[in-house]
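The block underneath contains the structure these notes are about, expressed in structure tokens.
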Amino acid sequence: LSGAAQRVGFSANIMGSTAPAAQQLMAWDAFLTRPLHIPALPMQELEHNLLLLRALGLPVQDERLEVWYDRMDAGRAARLCAGLGGERRLAAVGIGAQEPRRRYPAELLIQALAALTPLCDFVLLGGPGEQAEGERIAAALPADRVRSLAGQTTLPQSEAVIARCALYIGNDTGMLHMA
């Protein structure tokens, strides 16, 4: 209907189901000149997009994810993380998520971080709306082992903080994908 010579996309038949509802979804594949099937292997969303590029015959020269921050962002990250991660690993903890269903309960996160305190120091990352939660989580852990940066960093500064860390713990959010 669009008049496009090529219509490449992911097949609606992602589970191989023969249920009537699945059959209706698979009918949408008729609108594609080339429906692609996602491999059964777990893949990050970027890898799905790269599959589309390859299917179109476009070269993918580098599969690494990139984030950009400058020296000023890196310097601020260093100052904000000063005193943490000396003899232990530094872990970034993404505490927020836009959708409530994607948020790990703070009480359980506190328990998990407390169990990891012999191994790690923590920097808590989140937006301005997560400042109170960051302070509550930080207050429940040893003061010299955790620092809440929720609401205190720009996106590039958060990227620079994550780059300083050996581990990322967090919700399924953009910050997770940056990590």
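The values are calculated or read from the model by the stated rules, or taken from the named source; none is laboratory data. Everything numeric here is computed off the predicted structure, so don't read it as measured data. Reconstructed Cβ throughout: ideal geometry from the backbone, glycine too, with neighbour counts over all protein chains shown. When the accessible area is computed, the model is the full protein with side chains, heavy atoms only, and any ligands, DNA or RNA have been set aside. Shrake-Rupley method; radii C 1.70, N 1.55, O 1.52, S 1.80 Å.
Quick look at the numbers
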{"read-out": "Any pair with Cβ under 6 angstrom, 6 or more apart, that starts in segment 46-69 at a residue that is free of Cβ contacts under 8 Å to residues at least 12 places away in the same chain and ends at one that is surrounded by 10 or more Cβ atoms within 10 Å (Cβ to Cβ) and among the polar types (S, T, N, Q)", "value": "none"}
{"read-out": "Among residues of segment 122-161, those that are part of a helix (DSSP H, G or I), open to solvent by less than 70 Å² (accessible area, probe 1.4 Å) and farther than 17 Å from E66 by Cα, counted", "value": "6"}
{"read-out": "Residue list for segment 104-121, filter: of a type in the set (A, V, I, L, M), open to solvent by 60 Å² or more (accessible area, probe 1.4 Å) and over 11 Å from R145 (Cα atoms)", "value": "L108, A115"}
{"read-out": "Subset of segment 162-174 [part of a strand (DSSP E or B) and either touching a Gly at 6+ places or on another chain (Cβ under 9 Å) or of a type in the set (S, T, Y) (or both)]", "value": "Y168, I169, G170"}
{"read-out": "Per-region count, segment 89-108, residues assigned to a loop (DSSP other than H, G, I, E, B) and in contact (Cβ under 8 Å) with a residue 40 or more places away in the chain", "value": "6"}
{"read-out": "First in segment 123-148 and of a type in the set (S, T, Y), second anywhere and open to solvent by 60 Å² or more (accessible area, probe 1.4 Å), Cβ under 9 Å, 6 or more apart", "value": "S148/Q131; S148/E135; S148/R136; S148/A139"}
{"read-out": "Sole exception among (1) modelled with pLDDT under 90; (2) within 20 Å of Q152 (Cβ to Cβ) for C81, by number", "value": "(1)"}
{"read-out": "Among (1) in contact with a Pro (Cβ under 8 Å, 6 or more places away or on another chain); (2) open to solvent by 60 Å² or more (accessible area, probe 1.4 Å), the one test that D172 misses", "value": "(1)"}
{"read-out": "Subset of segment 66-88 [part of a loop (DSSP other than H, G, I, E, B) and either out of contact with any helix residue (DSSP H, G or I) (no Cβ under 6 Å at 6 or more places or on another chain) or not aliphatic (A, V, I, L, M) (or both)]", "value": "E66, W68, Y69, D70, A82, G83, L84, G85, G86, E87, R88"}
{"read-out": "From the options R101, R164, residue that is buried (at least 16 other Cβ atoms within 10 Å of the Cβ) and of a type in the set (K, R)", "value": "R164"}
{"read-out": "Qualifying positions in segment 70-87 - in contact (Cβ under 8 Å) with a residue 40 or more places away in the chain and on the phi < 0 side of the Ramachandran plot", "value": "D70, D73, A74, R76, A77, A78, L80, C81, L84"}
